[in-house]
């Protein structure tokens, strides 16, 4: 059995998932919590974005299950059964991508390297040419002739598989919906086709189709070629971008998780108690927000760096080390970004505490703590919700910027910021290497766009000013 | 040329689309003659404001006019293209709104805003625009118009802002002025000023006024003709005098009966049972049938026809000419007779002595205290067991602060609050927490006083839990259901959210919540002023019945004299943080001694022409409590002020056992 390894960020991610599930159960039983989410579920834009986000989350979660693989029989020694290297489930699934390392740069779907080398031919003659890749398109006899047909054929097979998978999934969901609504399967299909269902299933299915198409084509092509090319050391760029998904998600979600308790507690306390409590908290956050965030982050990360170098023996593996640095980055980003939400909550609480129902509770002799939990917190939750989803995309982008200036995640860790950072040199190279940057941008852009569209839908549903009327 | 200025025929305005649009206005006809004041009377949600917006064609995006015609003079307003309609708005038709605070742009000076209206609608190149603005300001009775020209809205009081709004509406020299609840947000003394101004302007310019209001008193004061609206239809039209003598429609009659007052003191107020039917349906019978007490079989399945029984008088009812014959209210109404004001033994339950609440004013970087807002400045009062003391006064006089200071929701700056031998201001922590069960509060806005995210059950339970009464969960549940029944709600209400109830029902829930901890004194902070007249009657009935059953004492904070007259035993009149006059209801309301009380009472619009007091118009507004006048606080506005009044604040002069007045006029 492989030995399971739970990294710090893994633990927090699973905690977050547990919290979300718990909240989901709670919300299901309370009408006022359920109603806005139902509005979200009816929004076409929101649900379309959710499908895309779901794919990202799936990638992120599979990448968060870490383990130490078993050593091959031959290398085992007494007591040492496991490799020292920590892998994730995603690594395992992407084994072909991970292991098919070329020598250096190669363009997307290429069969030859991107730089000329001296090649010794069968007759002993040295020729300076682009050598064939070790893995990419290695099965082709004559790349010049077969390449286009092979790529097209592989893509078509992928598309067909995608279609089959899509039909299967859509069929199951439609059958389930038909069963629930008490309609026949055919009627349910009609309902969905003419977009008459409450939840916009048509949009969801279309998005699902697009996602499956992309996934299956990429999978088929990725095994035979390097779909997005390789980087300087010949590592597959598709693999790197997929690994970066987790980093982006972790930064986007854990930072909020870390800052939320402080922001909520401090914001509500400042607004509710007023007086010196308010003064102290306001003083803290005005001071904190007037220090340039980047400086604070740089200082903290460099300190951590020094600590890690001095205590190298405390970290069992490179992955653990990089993980700690990631967690630390989340904490630092959290510390610098809670002030905005705190300020919002303080203002809202100032308003709420003057409301009659809070006064009525005071007149009953209800304790301050109970009033905060029962009356204030539920009534500011919509602000928390809106700012959490809005902050997410900002944080993903922040990671890219920080890694670009070298104070982000560990250089050994895959992240879009690191990819963009290394692309700095590649862009200056002649001929230009564009695919690393492009791949990072496309993946990041899709995630941020989906997150933004989804947060728009959430805000529309939760913002009381936009509610009503209809 | 006829003398009809505005003619509306079969106007239908619907809100929303889809399967069941809300028929906000469902076929109304009305005519307004030149130079008359036409009042559109109705409760909230009956479509009065929608009518005004339809005339101006300023409906919200979801609203649309589906049928009918509106003619202003010879022009058909509904056929005009938008650019010509813009000339009519503010040109021949002016409009003023309910809330003067939000109707003016806070970042522009008053002069600029009026000048804008002048430039658009009264563009005369020879004329100096500023001169015209100043003239307008003078016309609406604003002192120092030249200086006011360059002031911002926040520098003006509410009454002044409403005058500015009227000046803007007058800029285009309109033939029709639509006034949508123009005085609802104002105090009675200011309301009297504004109504008098509108009347005077009308006489000078001969314009017609469409006055939209829910206040029968205001209608009686100023209107020439009245139309009563109910559920999107006009149910009765009549000249003002005839209407107040004999209202014909059962709904109109019910409205009159539900107005509280002295003469109804010993009886339950008539209430209109049930609620207005939802308007998203097509009706097949009379809309009022479900709530009418003279309902006949025909009412339920046949839509009544408009019955024009005299020139300019009509009623929408199956009873011919309305229901003159059945004016006598059902006998059962009287059964709840109160044993009138019997003298209870003078054991005060609550006695407040020299209560002061000052709010510090901070200034500068170090937030030094530079002064105080004297919200409550030495108030003394007593409430005996089982009696009601009403505190009346205009907004900003500190009456709500008194209530909250008694409850210790706001810490008093000085003074004593003795409740049943306990000094509340000295109580701390657990002792105070336990005492809180005895004193409860009901707020003005029932929606804001309940957490929208809690079930009614949890809302009522909260106090019981905090006070640790009511035993186990099952017992509490029984008690809650019992409380809900006591306030006239079904037990099933416990498992619903506050927003599922109507305004009156919500206020009942608030009463139930207060009762849950078995209080002995309830502070009612304007509990009915956010409600319609007919709903107000329900709540007042409930409060009175509870007082008899449970022997509760009330501190009733209000600005509505009619409610005081109906419910209270004693009255205290407040002005600028101090009580200027107090006594029993009969003493104070029949024979007011303080000039302020006299002015306040005279400003209240009354329905009976005979009972109208001689109107005393107060000049100006209430001064700021941060900087009260030297001497008697009232002297700058007092019509009977003397030199001595500026010297020192007059002491309370005790006239009888129950009566005291703070005025130098009464000093011998």
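The values are calculated or read from the model by the stated rules, or taken from the named source; none is laboratory data. For clarity, every value in this text was computed on a predicted model and none was experimentally measured. Methodologically, a virtual Cβ is constructed for each residue, glycine included, from the backbone with ideal geometry; neighbour enumeration extends over all protein chains shown.
Conditions tested, residue by residue: (1) at pLDDT below 90; (2) out of contact with any helix residue (DSSP H, G or I) (no Cβ under 8 Å at 6 or more places or on another chain); (3) crowded, with 22+ Cβ neighbours inside 10 Å; (4) away from chain B (no Cβ under 11 Å).
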| site | (1), (2), (3), (4) |
| --- | --- |
| A:344 | no, no, no, yes |
| A:349 | no, no, yes, yes |
| A:383 | yes, no, no, yes |
| A:386 | yes, no, no, yes |
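Hey, does region B:246-253 have a residue that's under 30 Å from residue B:569 (Cα atoms) and in contact with a helix residue (DSSP H, G or I) (Cβ under 9 Å, 6 or more places away or on another chain)? The answer is yes; a qualifying residue exists. The strands (runs of 3 or more DSSP E) found entirely in region B:286-369 include none that carry 3 or more residues being at pLDDT below 55 and out of contact with any helix residue (DSSP H, G or I) (no Cβ under 9 Å at 6 or more places or on another chain).
Among the residues of region A:415-432, those identified as surrounded by fewer than 24 Cβ atoms within 10 Å (Cβ to Cβ) and assigned to a loop (DSSP other than H, G, I, E, B) are A:429, A:430, A:431, A:432.
Checked against (1) free of Cβ contacts under 8 Å to residues at least 60 places away in the same chain; (2) over 30 Å from residue B:438 (Cβ atoms); (3) within 12 Å of chain B (Cβ to nearest Cβ), residue A:358 passes all but a single condition, namely (2). From the list B:120, B:209, the one residue that fits, being over 30 Å from residue B:227 (Cα atoms), in contact (Cβ under 8 Å) with a residue 24 or more places away in the chain and either surrounded by fewer than 20 Cβ atoms within 10 Å (Cβ to Cβ) or in contact with a strand residue (DSSP E or B) (Cβ under 7 Å, 6 or more places away or on another chain) (or both), is B:120. Condition (residue is closer than 30 Å to residue B:287 by Cβ, part of a helix (DSSP H, G or I) and modelled with pLDDT of 85 or more) applied to region B:183-205: is it met by at least one residue? For region B:183-205, residues closer than 30 Å to residue B:287 by Cβ, part of a helix (DSSP H, G or I) and modelled with pLDDT of 85 or more: absent. Applying the set (1) farther than 30 Å from residue B:580 by Cα; (2) touching a strand residue (DSSP E or B) at 6+ places or on another chain (Cβ under 7 Å) to residue B:480 leaves exactly one unmet item: (2). Of all the numbered requirements in (1) at the interface with another protein chain (Cβ under 7 Å from one of its Cβ atoms); (2) under 30 Å from residue A:27 (Cβ atoms); (3) out of contact with any strand residue (DSSP E or B) (no Cβ under 6 Å at 6 or more places or on another chain), residue B:433 misses one, and that requirement is (2). When residues in region B:615-654 are screened for being exposed (fewer than 15 other Cβ atoms within 10 Å of the Cβ) and in contact with a strand residue (DSSP E or B) (Cβ under 7 Å, 6 or more places away or on another chain), 2 of them pass. Checking each residue in region B:79-98 for being touching a helix residue (DSSP H, G or I) at 6+ places or on another chain (Cβ under 9 Å) and either assigned to a helix (DSSP H, G or I) or over 30 Å from residue B:67 (Cβ atoms) (or both) picks out B:85, B:86, B:87, B:88. The residues of region B:29-44 that are surrounded by 19 or more Cβ atoms within 10 Å (Cβ to Cβ) and over 19 Å from residue B:208 (Cα atoms), listed by number, are B:42, B:43. For residue B:424, indicate whether it is within 14 Å of chain A (Cβ to nearest Cβ), buried (at least 17 other Cβ atoms within 10 Å of the Cβ), within 21 Å of residue B:528 (Cα to Cα) and touching a strand residue (DSSP E or B) at 6+ places or on another chain (Cβ under 8 Å). No; evaluated as a whole, the condition is false for this residue. Starting from region B:1-25, take each residue that is within 13 Å of chain A (Cβ to nearest Cβ) and list its partners that are at pLDDT 90 or above and not in a strand (DSSP E or B), counting only C-beta distances under 6 angstrom and pairs at least six apart or across chains. The qualifying pairs do not exist here.
Would you confirm whether any residue within region B:621-628 is in contact with a helix residue (DSSP H, G or I) (Cβ under 9 Å, 6 or more places away or on another chain), farther than 24 Å from residue B:388 by Cα and not in a loop (DSSP other than H, G, I, E, B)? No, region B:621-628 has no match at all.
Applying the selection to region B:154-182, what residues are assigned to a helix (DSSP H, G or I) and out of contact with any strand residue (DSSP E or B) (no Cβ under 9 Å at 6 or more places or on another chain)? Steps first, please.
At the first step, the residues of region B:154-182 found to be assigned to a helix (DSSP H, G or I) are B:154-155, B:158-170.
B:154, B:155, B:158, B:159, B:160, B:161, B:163, B:164, B:167, listed by residue number.
For residue A:276, work out the one condition from (1) under 25 Å from the mean Cα position of the chain (by Cα); (2) part of a helix (DSSP H, G or I) it doesn't fulfil. That leaves (1) as the condition not met. Quick check: anything in region B:603-614 within 27 Å of residue B:385 (Cβ to Cβ) and crowded, with 21+ Cβ neighbours inside 10 Å? No, region B:603-614 contains no residue that is within 27 Å of residue B:385 (Cβ to Cβ) and crowded, with 21+ Cβ neighbours inside 10 Å.
Restricting attention to region A:3-53, and to residues there that are more than 14 Å from chain B (Cβ to nearest Cβ) and not in a helix (DSSP H, G or I), which single residue is surrounded by the fewest Cβ atoms within 10 Å (Cβ to Cβ)?
A:4
Being surrounded by fewer than 16 Cβ atoms within 10 Å (Cβ to Cβ), touching a residue at least 24 places away in the same chain (Cβ under 8 Å) and part of a loop (DSSP other than H, G, I, E, B) narrows it down to one residue among B:412, B:452; which is it? Exactly one residue qualifies, and that residue is B:452. Taken together, A:446, A:412 contain a single residue that is more than 14 Å from chain B (Cβ to nearest Cβ), within 28 Å of residue A:320 (Cβ to Cβ), in contact with a helix residue (DSSP H, G or I) (Cβ under 9 Å, 6 or more places away or on another chain) and surrounded by fewer than 20 Cβ atoms within 10 Å (Cβ to Cβ), which is A:412.
Scanning region B:436-451 for residues that are within 9 Å of chain A (Cβ to nearest Cβ) and over 23 Å from residue B:536 (Cβ atoms) yields B:436, B:437, B:439, B:451.
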